[in-house]
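K.L.:
First the structure, then my questions, so here it is.
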Amino acid sequence: MASSFENFCGGTFFDLNQTWYTNDPEFSECIQDSLLAWAPCGLLWVLLPFYTCYIRDSKLVPIAVNKLNTIKTLLSLFLVFVTLIDLFKGVSDLGTDPPPAHILLVTPAVLTVTFILTTILIQVDRVKGCVTSGPLFIFWFFLTVAGIPKFHYKVKHAVNDGRIDDEFRFVTFFIYYALVLLQLILSCKSDTTRRPEYDPMERPSPEIQASFLSYLTFWWLNKLILTGYKKTLESGDLWDMNPRDVTKNNAPYFLESWNKELEKTKRKNEKLESKLKHQKSRIVHVDVGFNKDSNETTPLLTGSGSKKKFTEPNEPEVVLPEDKKKTPSLFWVLTKCYGPTMMKAWMCKVIYDLQQFVGPTLQSLLIGYTEDPNEEIWKGYIYAAVFLVNGVVQSMFFHQLFHIGMTLGMRVKASIISAVYKKALTMTNEARKDSTVGEIVNLMSVDAQRLQDVIGYLWMFWSAPLQISLAVYLLWGVLGPSTLAGLAVMILLIPVNGVLGAYQRKLMVTQMKLKDARIKLMNEVLNGMKVLKLYAWELSFQDKVNVIREKELANLKKSAYLSAVGSFTWTCAPFLVTIATFTTYVIVSPEHTLDASKAFVSLSLFNILRFPINLLPMMISYIVMASVSIKRLGKFLRTGDLDRDNVQHNPRSPDPIAVEDGVFSWGQKDPIVLQNINLRISDGGLVAVVGQVGAGKSSLISALLGEMIKLKGRVNVRGSVAYVAQQAWIQNATVRDNILFGKEYNQIKYEKILDACALRADLDILPGGDQTEIGEKGINLSGGQKQRVSLARAVYNDADIYYLDDPLSAVDSHVGKHIFENVIGPKSMLKHKTRVLVTHGVHWLPFVDQVVVISDNQISEVGSYEELLSHNGAFAQFLKTYLTQEIQEEEDEEGSGGELSEADVESLIDSIDEEVSAVEEEFSEIKKRILQRVESIPDGGGATSGGVTSGDERASPTHKGRRRRRKSTRRSSVSSHHDEKTLIEKEAKKREENKLTEEEKSAVGQVDKRVYLEYLTALGLWMASGIFFFFALYQGASIFSNIWLSQWTEDPLLKNKSVPTNNSEKVFKINMYLGIYGASGVLQAITVLLYAFVTAFGMIKASRVMHAKMLSNILRSPMSFFDTTPLGRILNRFSRDIETIDNNLPALFRSWINTVFTVFSTIIVISYSTPIFLAVILPLGILYYFIQRFYIPTSRQLKRIESTTRSPIYTHFSETIAGSSTIRAYGVNDQFILEEERKVDHNLVFYFAQIASNRWLGFRLEFLGSLIVFSAAMFAVISKQSGISGGLVGLSISYALQITGSLNWAVRMTSDLETNIVSVERVKEYSETPTEDEWHREETAPSQQWPEAGKVVFEGYQTRYREGLDLVLRGIDANIVGGEKVGIVGRTGAGKSSLTLCLFRIIEAAGGAIFIDGVNIAHLGLHQLRSKLTILPQDPVLFSGSLRMNLDPFDVYSDEECWEALEHAHLKNYVSGLAAGLEHECGEGGQNLSVGQRQLVCLARTLLHKTKILILDEATAAVDLETDELIQQTIRAEFADCTILTIAHRLNTIMDNDRVMVLDTGKIAEFDTPNALLENKDSIFYGMAKDAGLT
């Protein structure tokens, strides 16, 4: 075979004496012309099918013909021409004697065909839009390298021989080689093209424009790194996402695969159920349970009647047991979607792993080289060069592994977030009960992030066993069967590993549950911060959060100690394996001598082994985290979606809204909420829906929207829908954007709608008009303004059908009248639209086409107003009963009684006419007709069940016995009263303050040293010192053990094989070396154990301190902080940043210490081994310094920006969840999904740049590491002449081989530590924000009985919202006597809200003082003040927890007192009917109770916390007329001797007060009795009363 090939070549193929055993090595001409020429060509042809598949599906724009691709093509054609000439030359020489060797024909032919292929590929790349070609670069590179030996051979022989044998081929070769070299150079540059994925104005990612070499070396990042070095990076310095990574290009495929998996699982379960059904001989009956949790539909003033779930009669049900059900596998879907890309990354890791073992092999050769004086000198340089080349190639594959894996993880995260977001938009109300907003945010912030992290490191799962297997195999070759001792140690550690992993998984599951609970509670605390401050409840909720946090920390401590044990085990494992192997090797046979080659090659292999062994605990941790997160995400994504069949959309339906035999529930197992619903609404009809609280009015709207589960019947809606929710949902955007809601701007239409919705005046006082940003949850708008913006949005939407859920309850009566006439009523803008209006206002009903009365969860009556009054039904009976109560109440106040007379009714109706619509004659006439209808109803005595709810205005303000009315709808907190503030901003003309929500701050430059000090202080200085001390001891013991090993291997006595093995001195020395080596290992074990436990304990302490400090500071922050800071941003600090401090920072801190000490140890050991190495430390150190100086500023700032761009994702998500019903109603799901994806992509731009910059750094540092290995090897070669020992060479190279990874990790860990310490910086920032005044002041504490009289005195009082703004109250002087009832009125921006907020010191004085019973409130602690005041706010805020906790979070009152308060609040019957009674769970935000019920709970809270001073907001807008009257009676009875201040928007609510305070531009304009003010025709109050139709 060899001889035949030599005949083919015409000479010798391979000769060791020519190639290896010589001082002047060279390859034979046969190898030069065959193997070295064919191998690159063969590689290109092997890569061709793969490249064809890759390029076939390319949809890029073709590249125009340009200089670069033209020159490349021409060069390939020239190469074809040159090789053809060679081929023709060979053919022409066939007739000569002797004929040329066949190889001179075959090789040119092979090259010619291959060069033709390259020409074609260059043009194909151009047509397909590929800017660079990997296969072509690889081909040109290897062809150039393969030509070097031939180039050297020809030049050497031409010079040495003085002549050229074959001048023709000599010339053609150099022409050929020059062309190949040019092709290689040109392949280093990429073509330029404009990608179709980008808009011409956008900035394409430099990655897609990078050449193959630039891609491998991350050269394309140089510009960004340089920019980051020169200046602080900003958002505009980065590029757009690579289309490969954009969410919209990834998420659909993932969701499609997930939906297929769901369908497949559903079919499997259906088959199993079918099989089970056939096996059953009887029908399986399922017991129907019911949920006792109350909700919007629970009757308000009655017990909790039980309702059974609706089921079809005689329908057999077969239920598959839960343990038999198949569940969709999220893991399988992820594998299917992303597995192929993962395999590309893993191929890089396989090559990297194989290359790792080249180092020890070269080390063995180098030690042998230094110990053999006869070895040729050039071999040492070759070994050193191969060390360098191997290191560089290794680094390329390693960083491609990470780049592909990390970017894939990024895409997985984006797809998961998109899927979670879409699920949150479509999930059922039943599913939402199991997933709070906090929990879902955790899925997006923590679980998706963990999945991303795991994807990047998943190769550990198979790579660690592969590396261990290869290392053991090579160790066997060095040490033989002694390797089994080390292998046994590793096997014995596996069960320990298993136990640790299992226990860690349990702890991780518990940890996530506790984290969810804490974030859920924090979410509620932040949402209810106003209530906490008004009631002085901060400490109670701080304790509640801390209780959960302590449980979390206790669990974390267990996990940390477990990690400490794992760290100890796996840090000691490599040494245990080493000493076990060496001891066995030395003891098992007297002939075994541990020489330098065996010892240090084994040590290098053990060091390689150390990495996968150390990875095992990390791998287990990652797998545990991934499995927990996949399980949680899978569970959430499996939750049910709203059934699209709940509402059909048949365009041929005669009626726009039709419901037939409808039965509805909030959940499959929940009680029926609506039943026997039959309703048809004609085109253009205006239908009013009325009924008591809890009757099901809002539920009917929800059923029409498809929000409820339809158990039976049919619902059809024809046409588009607009929806105005009862509690207005406002986006954190400008007023205009809220109204347009994604529609195009039409100025004429827009202006008309502003006027119709009475928004013009509001926009005039906003600083930026309709461009003013509305804060989170509409924070800077009043309740009425929010409702009108919501209404304007609906009108602008120009839908066919309008669902209006009580939109008029939050607005003033005259505004309500304006809106009804211009927007809702029969002559309004929407007169041709179909409208369904839920209302509490009786006075609107005469104007509607149809009234739907809901009673006892079903429609009791339907008809026009007159039809319902024409017979004695529930509706008419209610009106009579209510009117009777009105007159009797007034007669009681006048000291008379008697039956309801006609005159009384006339008087009452007259008052209604005056109050509601004194302007319109038509309205009055209709009211008179209503009176006649009511009078015609016989006194049949009927209950008011199913009665309609009340209107906003009722009795005449001029009636002698005026009654108390409902309170205003204006909110009572600084967070909802920015009318004064916005007025000031307008006056100051500060356009920059139009943006209420401040951008999240991102620190710039180097992390402040105080941040590190903060963390070390939290850690404890002694603790921090102990950590460094114990690790330094460990590292010192490790260095000593290796130096001791080098001494051992170089001991002359032990190396002398002539000395008998049983020589006593030799035995003593072996035992001594072995004993001291083992002792150093024990010392390492002890110190590393102490280090691990001290670190674990210290890190937990730091987490506790930092969380507690931030929580305490946040709770003490003023309300202005929460007005201008999105809650999602604060929540991000408590979730993601605390997660970083809890888990990431400790791991990074340990890794940083490890790598930094390893780098210093390596430098010390190499310098000790070869002192000449010190000569290169300075230049390498300078290079290292510059690399990290360039990298760290960029990485640090990218991390900061990435953190700040993450918060808007969660803020937008929380906002979306709150408005999901509105979003679904308008059918703008896709619009919001795109917005969320845009925010995710914006965040990922910075994350991608961050991970790419890590790769940039890694490659350069590993190149630096390869230079260090090269230097160590070169100095070993140079030092050969000076007699360097093999032991020192082995020691030096062993440590040098570690430096590549250690240097990389040292800077990476330094950078990661700095970028993650940003979380400490962010937590520190919120731990030091300005706070309110002290909560308690012992020196000025008032008596327990204070205030005894309730006297309030204002003396020249002034205040402003924030420093630098103008005054909102400008010298208030007022004296309110104890027990006085004072109404506070004024036009928008007058300062009403500010006056009451000053009493609670929500905003502080800028001048003057407030005295309560003679005590200056500025001298009191905030809790001492606020606990002595009581407020009943408009928005009823409850917290998840028991009813009792919501009434009395401090457990101050007894159960009897709580029941008494509930009785007075008319809730006792309802609560006593609940199974849990006072311990009934209210759900997140009180979701298990209706809005009315929540308001009554707030009333009970007020009664329980009764004080001498009561501030009333309009708190009864959400309750019906009956309940309103009960609340008014309770307040009159229980607070008769108290001072009551009422903020009033509706003047009729304060007409019976003792005095009325009229505010105007922050001053008291008038302060007198209502009658006195009305008698003065020039008074402001008279003008306001006249505008409201009260005079």
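The values are calculated or read from the model by the stated rules, or taken from the named source; none is laboratory data. All values reported here derive from a predicted model rather than from experimental measurement. Cβ atoms come from the backbone with ideal geometry, glycine included; neighbour counts cover every protein chain shown. With ligands, DNA and RNA removed, areas are computed over all heavy atoms of the protein, side chains included. Shrake-Rupley method; radii C 1.70, N 1.55, O 1.52, S 1.80 Å.
K.L.:
Could you tell me which numbered condition residue 1504 fails, if it satisfies all but one of (1) open to solvent by less than 10 Å² (accessible area, probe 1.4 Å); (2) at pLDDT 80 or above?
P.N.:
With (1) open to solvent by less than 10 Å² (accessible area, probe 1.4 Å); (2) at pLDDT 80 or above applied to residue 1504, the lone miss is (1).
K.L.:
Does residue 1514 qualify as being in contact with a His (Cβ under 8 Å, 6 or more places away or on another chain), at pLDDT below 85 and buried (at least 22 other Cβ atoms within 10 Å of the Cβ)?
P.N.:
Working: in contact with a His (Cβ under 8 Å, 6 or more places away or on another chain): yes; at pLDDT below 85: yes; buried (at least 22 other Cβ atoms within 10 Å of the Cβ): yes.
Yes.
K.L.:
Next question, about the same structure. Consider residue 430 against the criteria (1) open to solvent by 10 Å² or more (accessible area, probe 1.4 Å); (2) assigned to a helix (DSSP H, G or I); (3) out of contact with any strand residue (DSSP E or B) (no Cβ under 9 Å at 6 or more places or on another chain): it satisfies all of them except one. Which criterion is unmet?
P.N.:
The one condition residue 430 does not meet is (3).
K.L.:
Can you find a residue in the range 1204-1211 that is touching a Lys or Arg at 6+ places or on another chain (Cβ under 8 Å), among the charged types (D, E, K, R) and at pLDDT below 85? Lay out the reasoning, then the answer.
P.N.:
Just the residues of the range 1204-1211 that are touching a Lys or Arg at 6+ places or on another chain (Cβ under 8 Å), to begin with: 1204-1209, 1211.
Keeping just the survivors that are among the charged types (D, E, K, R) gives 1206.
Pick out the ones that are also at pLDDT below 85 and you get 1206.
Yes, because at least one residue in the range 1204-1211 is touching a Lys or Arg at 6+ places or on another chain (Cβ under 8 Å), among the charged types (D, E, K, R) and at pLDDT below 85.
K.L.:
Say whether the condition of being open to solvent by 10 Å² or more (accessible area, probe 1.4 Å) and touching a strand residue (DSSP E or B) at 6+ places or on another chain (Cβ under 6 Å) is met by at least one residue in the range 625-639.
P.N.:
yes
So that you can scan it fast, the table gives a plain yes or no per residue for (1) within 30 Å of residue 1444 (Cβ to Cβ); (2) among the charged types (D, E, K, R); (3) touching a residue at least 24 places away in the same chain (Cβ under 8 Å); (4) buried (at least 21 other Cβ atoms within 10 Å of the Cβ):
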| site | (1), (2), (3), (4) |
| --- | --- |
| 493 | no, no, yes, no |
| 497 | no, no, yes, no |
| 513 | yes, yes, no, no |
| 522 | yes, no, yes, yes |
| 533 | yes, yes, yes, yes |
| 539 | yes, no, yes, no |
| 543 | yes, yes, no, no |
| 551 | yes, yes, yes, no |
| 558 | no, yes, yes, no |
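K.L.:
Could I ask something else about it? Return yes or no: is residue 828 of a type in the set (S, T, N, Q), crowded, with 21+ Cβ neighbours inside 10 Å and part of a loop (DSSP other than H, G, I, E, B)? Reasoning before the result, please.
P.N.:
Numbers: of a type in the set (S, T, N, Q): yes; crowded, with 21+ Cβ neighbours inside 10 Å: no; part of a loop (DSSP other than H, G, I, E, B): yes.
In short, no.
K.L.:
On the basis of being closer than 22 Å to residue 543 by Cα and either assigned to a helix (DSSP H, G or I) or within 24 Å of the chain's Cα centre (by Cα) (or both), does residue 1105 make the cut? Explain how you work it out, then say what you get.
P.N.:
On the way: closer than 22 Å to residue 543 by Cα: yes; either assigned to a helix (DSSP H, G or I) or within 24 Å of the chain's Cα centre (by Cα) (or both): yes.
Taking the combined requirement at face value, the residue satisfies it.
K.L.:
Then there's this: Have a look at 737, 755, 762 and point out the one that is over 20 Å from residue 804 (Cα atoms), assigned to a helix (DSSP H, G or I), touching a residue at least 12 places away in the same chain (Cβ under 8 Å) and open to solvent by 10 Å² or more (accessible area, probe 1.4 Å). Write out each step before concluding.
P.N.:
On the way: 737 fails: touching a residue at least 12 places away in the same chain (Cβ under 8 Å); 755 fails: over 20 Å from residue 804 (Cα atoms).
Residue meeting the stated conditions: 762.
K.L.:
Within the range 47-63, is there a residue that is open to solvent by 80 Å² or more (accessible area, probe 1.4 Å) and acidic (Asp, Glu)?
P.N.:
Checking the range 47-63: at least one residue is open to solvent by 80 Å² or more (accessible area, probe 1.4 Å) and acidic (Asp, Glu).
K.L.:
Same structure, new question: List pairs: first in the range 1358-1378 and among the hydroxyl-bearing types (Ser, Thr, Tyr), second in a strand (DSSP E or B) and open to solvent by 10 Å² or more (accessible area, probe 1.4 Å), Cβ under 7 Å, 6+ apart or cross-chain?
P.N.:
Note: pairs meeting the criteria are 1359/1405; 1359/1406.
K.L.:
Checking the conditions here, which among 65, 61 is part of a loop (DSSP other than H, G, I, E, B), modelled with pLDDT under 85 and out of contact with any helix residue (DSSP H, G or I) (no Cβ under 7 Å at 6 or more places or on another chain)? Steps first, answer last, please.
P.N.:
Details: 65 fails: modelled with pLDDT under 85.
Going through 65, 61 in turn, just one is part of a loop (DSSP other than H, G, I, E, B), modelled with pLDDT under 85 and out of contact with any helix residue (DSSP H, G or I) (no Cβ under 7 Å at 6 or more places or on another chain): 61.
K.L.:
Pairs only if they're at least six apart or on different chains, beta carbon under 6 angstrom, first in the range 263-283 and within 24 Å of residue 639 (Cβ to Cβ), second open to solvent by 90 Å² or more (accessible area, probe 1.4 Å) and at pLDDT 75 or above; list them, first residue then second.
P.N.:
That search, which allows pairs on different chains as well, returns 265/326; 268/326; 269/326.
K.L.:
Mind checking whether some residue in the range 257-277 is in a helix (DSSP H, G or I), at pLDDT 85 or above and touching a Cys at 6+ places or on another chain (Cβ under 6 Å)?
P.N.:
yes
K.L.:
Now for a separate question. Of 723, 796, which residue is without any contact (Cβ under 8 Å) to a residue 60 or more places away in the chain, within 27 Å of residue 1208 (Cβ to Cβ) and either open to solvent by 30 Å² or more (accessible area, probe 1.4 Å) or under 34 Å from the mean Cα position of the chain (by Cα) (or both)?
P.N.:
On the way: 723 fails: without any contact (Cβ under 8 Å) to a residue 60 or more places away in the chain.
From the options 723, 796, the qualifying one is 796.
K.L.:
How many residues are farther than 15 Å from residue 1542 by Cβ, assigned to a helix (DSSP H, G or I) and more than 38 Å from the chain's Cα centre (by Cα) if we restrict to the range 1380-1409?
P.N.:
Qualifying residue count for the region: 0.
K.L.:
What's the number of the only condition in (1) open to solvent by 60 Å² or more (accessible area, probe 1.4 Å); (2) farther than 30 Å from residue 508 by Cα that residue 611 fails to meet?
P.N.:
Only one criterion in (1) open to solvent by 60 Å² or more (accessible area, probe 1.4 Å); (2) farther than 30 Å from residue 508 by Cα is unmet by residue 611, namely (2).
K.L.:
Evaluate the following for residue 674: is it in a strand (DSSP E or B), in contact with a Ser or Thr (Cβ under 7 Å, 6 or more places away or on another chain) and of a type outside the set (Asp, Glu)?
P.N.:
On the way: in a strand (DSSP E or B): yes; in contact with a Ser or Thr (Cβ under 7 Å, 6 or more places away or on another chain): yes; of a type outside the set (Asp, Glu): yes.
When the stated conditions are applied, residue 674 passes them.
K.L.:
When you scan the range 1300-1317, do you find a residue that is open to solvent by 10 Å² or more (accessible area, probe 1.4 Å) and over 40 Å from the mean Cα position of the chain (by Cα), even just one?
P.N.:
no
K.L.:
Residues in the range 114-137 that are part of a helix (DSSP H, G or I) and either closer than 14 Å to residue 43 by Cβ or not aliphatic (A, V, I, L, M) (or both): how many? Before the answer, list the steps.
P.N.:
Kept after step one, since they are part of a helix (DSSP H, G or I), are these residues of the range 114-137: 114-128, 134-137.
Filter once more, keeping what is either closer than 14 Å to residue 43 by Cβ or not aliphatic (A, V, I, L, M) (or both): 114-115, 117-119, 121, 123, 125-126, 128, 134-137.
Number of matching residues: 14.
K.L.:
Could you please let me know if residue 1179 is under 17 Å from residue 1265 (Cα atoms), surrounded by fewer than 21 Cβ atoms within 10 Å (Cβ to Cβ) and not basic (Lys, Arg)? Break it down stepwise before answering.
P.N.:
On the way: under 17 Å from residue 1265 (Cα atoms): yes; surrounded by fewer than 21 Cβ atoms within 10 Å (Cβ to Cβ): yes; not basic (Lys, Arg): yes.
So residue 1179 fits the description; yes.
K.L.:
Give just the number: which of (1) under 21 Å from residue 443 (Cα atoms); (2) surrounded by 21 or more Cβ atoms within 10 Å (Cβ to Cβ); (3) among the hydrophobic types (A, V, I, L, M, F, W, C) does residue 1234 not satisfy?
P.N.:
Exception for residue 1234: condition (2).
K.L.:
Show the residue pairs that are 6+ apart or on different chains and have beta-carbon atoms under 6 Å apart, the first residue being within the range 628-648 and assigned to a helix (DSSP H, G or I), the second being open to solvent by less than 80 Å² (accessible area, probe 1.4 Å) and among the acidic types (Asp, Glu).
P.N.:
Every condition considered, the pairs that remain are 629/447; 632/447; 633/447.
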